[in-house]
Amino acid sequence: MKDYGFLRVAAAVPVVKVADPAVNAERICSLIGEASSKGVSLLVFPELCVTGYTCGDLFGQQMLTESAEKAVGRIREYTRGKAVTVVVGAPVRFADRLYNCAVVIRNGNIKGIVPKIHLPEYNEYYEARWFSSGRDFLEGPSSVSGRFLSNGKDTVREGFHAEITYSGFRTNISPDMLFSIGRATFAVELCEDLWTPVPPSSYHAIAGAQVILNLSASNDVLMKHAYRCELVRQQSARTMSAYVYCSAGFGESTQDVVYSGAAMICENGTLLSENERFRTSASMIVSDVDIEKLSVLRQKTSTFGSVAPDGTRSSAYYGLYSRVVAGEPAATDFVKGLCRHVEPHPFVPKEDERGSRCKEIFSIQVTGLASRLMHIGCRHAVVGISGGLDSTLALLVAVQAFDKAGLDRKGVIGVTMPGYGTTGRTYRNAMALMQALGVTVREIPISEACDLHFRDIGHDKSVHDVTYENTQARERTQILMDIANQCGGIVIGTGDLSELALGWATYNGDHMSMYGVNASIPKTLVRHLVGWAAGLLPEARDILLDIIDTPVSPELLPADEAGNISQKTEDLVGPYELHDFFLYNFFRFGYSPEKLLFLAVKAFDGVYGVDVIRKWLKVFIRRFFTQQFKRSCLPDCPKVGSVSLSPRGDWRMPSDASFKVFLDSIE
């Protein structure tokens, strides 16, 4: 089965019985069976879940540690024949010291043991009282070297490499271990490790781990969970990793504190899944993490892996890691059921934060234009106003930029240029909006000028081809440029990011301006920005709402018999919500067209069928490649979001690149 770069991971919180490893092993096995049935490839349990975290001085009892080792053996045997890698927490005795460890198990084998490095010495459960730090394995041969007797078996320590026989298996024990599952690599840290200024996971990620597991036993006090969530989310962002966090829950002693059983899965700063805390039963969360996306993000981020040398850990960390093949991933059917939300509108902020995001986006646009005006000492800006969404947003930005720069709004010259396809609705909205905002209004019809131009070049006006359309677009741009010359101003571009991606602009027509304020704003976001602005401008609210409801059109073809728009852009190039979805994921994560199709089918389930999506994806690929020449000479424009097609920084692509290999993948 094709995995599309995904790996299915899970965090399971069992109900523990403190100091009863046999019972805990059975409960852990039950959850392993459940995870295996769901196609999980990597499953993590809480810290010391085999014994319970709250055993206290019982960790000093030989019987408990021996029982824990037997319980791990029971879990190990249960994994035979299952394609799931399991990581459980257990106390492990080595070289006459006890370590708080994560035991990595796969198909009846112990693949490695990872000891906790940072032991808390301040909370109710003073770990340093019972456990030694995994730092022992990082400080060279002098700390634990030579041959030792551990649990009655020989172990060998060679430099930074330690071997142990545990639960009947000879394996490695070290904090610096990387485990591979297919093309995914994971590493482990335990609880307090994450709360340090430089967590071990930072080094693990730089060394190649795309997935970080955290076995934790973090008690709950007021407001701690919010901080814990932010900590996990931020570490996943900082390390560009998937971070699977699993903490102890019900059954742990409540003698002094309470454990809520928090579990969460984050990916590059985004929370994918979180469980319900304070349950009295076991819980499990499952999510598909995108290994391919994480690898591409790291590849594209030149500073990933940059660390200041500090001797032991950073200057030579690549050589310190043991690399272990855990096995192949489970045969998970991602096509039938993908365990993650696929956002259909990645450019549009979530509803609960839309207002603040729109304000920030608008402020970036406004500040960019205001700065440019003040820098060149310009007191006039010329904007072509069509009554459509893009020119409306550009006019709103221009007005606010003039306010910010302390300039008279009359310096904003709004020019409406009705032509062959202009409808009464868009004309009225254009005029009313300019008047409501208090800018200078100019109306210059273009039909006669275009008629004369058609006669000059010998074009039949009744032939509504590309010459017919582009003549109008270039005539409008010529008017705007010449008015700017008259008043000593600059032309403000109205074209948006989606149009740039598709090349839906007339070269040296609406393609050109002196400052393009919308060049980083995709079409799906423009509508929300104008809607947000409508709430702040009561004098223009009704006009703006009607503009939002107007079909997107260049209005270059005559209106229909009823006087309505006959040329609807989305009928020609496809739905902008699809193209914005393609653009975002193609640009940000380097997804192949095949993966774009797969994800789009999931995101737009019930909205568009697979054949429709494939049709418009082909259009996107062809147009994106063939229209690069228009993007190669874009005017200056402020970058707003993470996706920008400016040739000066964010997207450098040859105009004659072939799209064949991309198109063939979905043909």
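Points to keep in mind about this one:
- When Phe589 is tested against (1) within 16 Å of Leu389 (Cβ to Cβ); (2) of a type in the set (A, V, I, L, M, F, W, C); (3) touching a strand residue (DSSP E or B) at 6+ places or on another chain (Cβ under 9 Å), only condition (1) is not met.
- Scoring Val188 on the criteria (1) closer than 13 Å to Val104 by Cβ; (2) crowded, with 21+ Cβ neighbours inside 10 Å; (3) in contact with a helix residue (DSSP H, G or I) (Cβ under 7 Å, 6 or more places away or on another chain) leaves a single failure, condition (3).
- If only residues of the range 435-477 that are touching a strand residue (DSSP E or B) at 6+ places or on another chain (Cβ under 7 Å) and under 22 Å from His511 (Cα atoms) are counted, the one that is surrounded by the most Cβ atoms within 10 Å (Cβ to Cβ) is Arg476.
- Inter-residue pairs, beta-carbon under 8 Å, first farther than 16 Å from Tyr584 by Cα and in the range 638-655, second polar (S, T, N, Q) and part of a loop (DSSP other than H, G, I, E, B), 6+ apart: Pro638/Ser520; Pro647/Ser632; Ser655/Ser632
- Yes/no for Arg372 being in contact with a strand residue (DSSP E or B) (Cβ under 6 Å, 6 or more places away or on another chain), of a type in the set (D, E, K, R) and not assigned by TED's automatic domain parsing to the domain that holds Val526: no
- Answer from Thr392, Thr426 - the residue that is polar (S, T, N, Q) and either within 35 Å of the chain's Cα centre (by Cα) or not assigned by TED's automatic domain parsing to the domain that holds Ile521 (or both): Thr392
- Residue pairs meeting the criteria (Cβ under 7 Å; at least 6 apart or on separate chains; first assigned to a loop (DSSP other than H, G, I, E, B), in the range 165-193; second among the small types (Gly, Ala, Ser) and crowded, with 19+ Cβ neighbours inside 10 Å): Ser174/Ala162; Pro175/Gly134
- So Gly89, is it of a type outside the set (Ser, Thr, Tyr), assigned by TED's automatic domain parsing to the domain that holds Ser260 and on the phi > 0 side of the Ramachandran plot: no
- Residue in the range 225-245 that is in the same structural domain as Gln299 (by TED's automatic domain parsing), outside any helix (DSSP H, G or I), within 19 Å of Val87 (Cα to Cα) and over 21 Å from the mean Cα position of the chain (by Cα) present: no
- Where helices (runs of 4 or more DSSP H) sit wholly within the range 391-503, those with at least 3 residues that are over 28 Å from Ile543 (Cα atoms) occupy 447-457, 466-487.
- Residue in the range 245-304 that is nearest to Ala19 (Cα to Cα), counting only those that are buried (at least 23 other Cβ atoms within 10 Å of the Cβ) and β-branched (Val, Ile, Thr): Ile265
- Set Ser371, Ser391: member being among the hydroxyl-bearing types (Ser, Thr, Tyr) and more than 21 Å from Asp482 (Cβ to Cβ): Ser371
- Of all residues in the range 54-67, at least one satisfies being out of contact with any strand residue (DSSP E or B) (no Cβ under 8 Å at 6 or more places or on another chain) and either within 20 Å of Arg170 (Cα to Cα) or of a type in the set (Val, Ile, Thr) (or both).
- Val84 being in contact with a Cys (Cβ under 8 Å, 6 or more places away or on another chain) and crowded, with 18+ Cβ neighbours inside 10 Å: no
- Considering residues of the range 246-283 that are on the phi > 0 side of the Ramachandran plot and small (Gly, Ala, Ser) only, the residue farthest from the chain's Cα centre (by Cα): Gly251
- Filter result (under 23 Å from Asn485 (Cα atoms) and surrounded by fewer than 23 Cβ atoms within 10 Å (Cβ to Cβ)) within the range 401-414: Asp403, Ala405, Gly406, Leu407, Asp408, Arg409, Lys410, Gly411
- Residue in the range 270-280 that is under 23 Å from Gly39 (Cβ atoms), in the same structural domain as Val84 (by TED's automatic domain parsing) and assigned to a loop (DSSP other than H, G, I, E, B) present: yes
- Scan the range 78-117 for residues that are of a type in the set (Lys, Arg), more than 34 Å from the chain's Cα centre (by Cα) and under 26 Å from Trp195 (Cα atoms) and the total you get is 2.
- Single residue of Ala262, Ala207 found to be of a type in the set (Gly, Ala, Ser) and modelled with pLDDT of 95 or more: Ala262
- Here the range 613-648 is the region considered, the condition is being touching a helix residue (DSSP H, G or I) at 6+ places or on another chain (Cβ under 9 Å) and polar (S, T, N, Q), and the residue that is farthest from Val661 (Cα to Cα) is Ser642.
- Here is the figure for the range 591-629: residues that are farther than 30 Å from Asn508 by Cα and either of a type outside the set (D, E, K, R) or in contact (Cβ under 8 Å) with a residue 60 or more places away in the chain (or both) total 21.
- Test: residue in the range 304-321 that is in a loop (DSSP other than H, G, I, E, B), at pLDDT 90 or above and among the polar types (S, T, N, Q): no
- Matching option when the condition is modelled with pLDDT of 95 or more, in contact with a helix residue (DSSP H, G or I) (Cβ under 7 Å, 6 or more places away or on another chain) and either under 21 Å from Gly411 (Cβ atoms) or crowded, with 24+ Cβ neighbours inside 10 Å (or both), among Leu480, Leu525, Leu500: Leu500
- Yes/no for Ala35 being assigned by TED's automatic domain parsing to the domain that holds Ser247, free of Cβ contacts under 8 Å to residues at least 60 places away in the same chain and touching a strand residue (DSSP E or B) at 6+ places or on another chain (Cβ under 6 Å): no
- Output for the range 371-394, where each listed residue is in contact with a Lys or Arg (Cβ under 8 Å, 6 or more places away or on another chain) and surrounded by fewer than 21 Cβ atoms within 10 Å (Cβ to Cβ): Cys378
The values are calculated or read from the model by the stated rules, or taken from the named source; none is laboratory data. Computed from a prediction, not measured in an experiment: that's the story for all the values here. All Cβ positions, glycine included, derive from the backbone under ideal geometry; neighbour counts span all protein chains shown.
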